[in-house]
Amino acid sequence: MEITPSYCNCKILILGCGNILFGDDGFGPQVAEELQKNCHLPENVMVINAGSGVRKFLFDITLSEKKPGKIIIVDAIDAGKTPGEIFELPIDEIPEKKIDDFSMHQLPTSNLLKELKEFCKVDVIIIVCQVESIPEEVTGSISKKLTDAIPVVCKRINEIIIHKTG
């Protein structure tokens, strides 16, 4: 008997991605924490701090019979923009350094997000924030510019949820 993970049964799944031990890379988990603590989300919306283990969640969803209608990925990347700048990233524009985070194998053609969107018909939105820096050594705090961007991303996610569920 297959047991479907609860996150496969929700209408909208929000995954905060990144490693909290490396400064600005911890942006996604911090957004997930903020959404869980301070935002009143509809009960058909689930937020998970996926940390650096997002691949497991995406793999489970890909293999599950039930899937969320929408997945919102929140992450931090270096795209050469202004630190703290928030933007949506098309799946095809995920930087090579990040593809491994979302892929079963090393090849971009096996990208789980593409599979979810194209073959499983899940709406995938990737919201990213431009990092100020990602340190080479462990540090538990993100920069002020990214801290200031957290409520902006939460507001954007609420707009997406209201538009899609309201």
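Checking Gly80 against (1) in contact with a strand residue (DSSP E or B) (Cβ under 9 Å, 6 or more places away or on another chain); (2) outside any loop (DSSP other than H, G, I, E, B), which test does it fail?
Every listed condition holds for Gly80 apart from (2).
Let me spell it out: the conditions are (1) in contact with a Lys or Arg (Cβ under 8 Å, 6 or more places away or on another chain); (2) at pLDDT below 95, and Gly80 meets all of them except one. Which number is the exception?
For Gly80, the exception is condition (1).
Suppose we filter Asp60, Asp24 for residues that are of a type in the set (D, E, K, R) and either without any contact (Cβ under 8 Å) to a residue 12 or more places away in the chain or surrounded by fewer than 16 Cβ atoms within 10 Å (Cβ to Cβ) (or both); which single one remains?
Exactly one of Asp60, Asp24 is of a type in the set (D, E, K, R) and either without any contact (Cβ under 8 Å) to a residue 12 or more places away in the chain or surrounded by fewer than 16 Cβ atoms within 10 Å (Cβ to Cβ) (or both), namely Asp60.
Looking at (1) surrounded by 15 or more Cβ atoms within 10 Å (Cβ to Cβ); (2) touching a helix residue (DSSP H, G or I) at 6+ places or on another chain (Cβ under 9 Å), can you tell me which one Lys66 breaks?
The single condition Lys66 does not satisfy is (1).
Keeping to region 88-142, report how many residues are in a loop (DSSP other than H, G, I, E, B) and either of a type in the set (Lys, Arg) or modelled with pLDDT of 85 or more (or both).
10
Could you look through region 1-37, keep only residues that are polar (S, T, N, Q) and at pLDDT below 90, and pick out the one that is farthest from Lys144 (Cα to Cα)?
Among them, the one singled out is Thr4.
Any idea which of Ile48, Ile61 is part of a helix (DSSP H, G or I) and either farther than 13 Å from Ile127 by Cβ or among the aromatic types (Phe, Trp, Tyr) (or both)?
Ile61
Which one is surrounded by the fewest Cβ atoms within 10 Å (Cβ to Cβ), of the residues in region 35-57 that are within 19 Å of Ile77 (Cβ to Cβ) and not aliphatic (A, V, I, L, M)?
Checked region 35-57; the qualifying residue surrounded by the fewest Cβ atoms within 10 Å (Cβ to Cβ) is Gly53.
For Ile12, are the conditions met, namely being touching a Ser or Thr at 6+ places or on another chain (Cβ under 9 Å) and among the β-branched types (Val, Ile, Thr)?
Yes, satisfied.
The values are calculated or read from the model by the stated rules, or taken from the named source; none is laboratory data. The structure presented is a predicted model; accordingly, all values stated were derived computationally and were not measured. Heads up, the Cβs are rebuilt from the backbone with ideal geometry, glycines too, and the neighbour counts pull from every protein chain shown.
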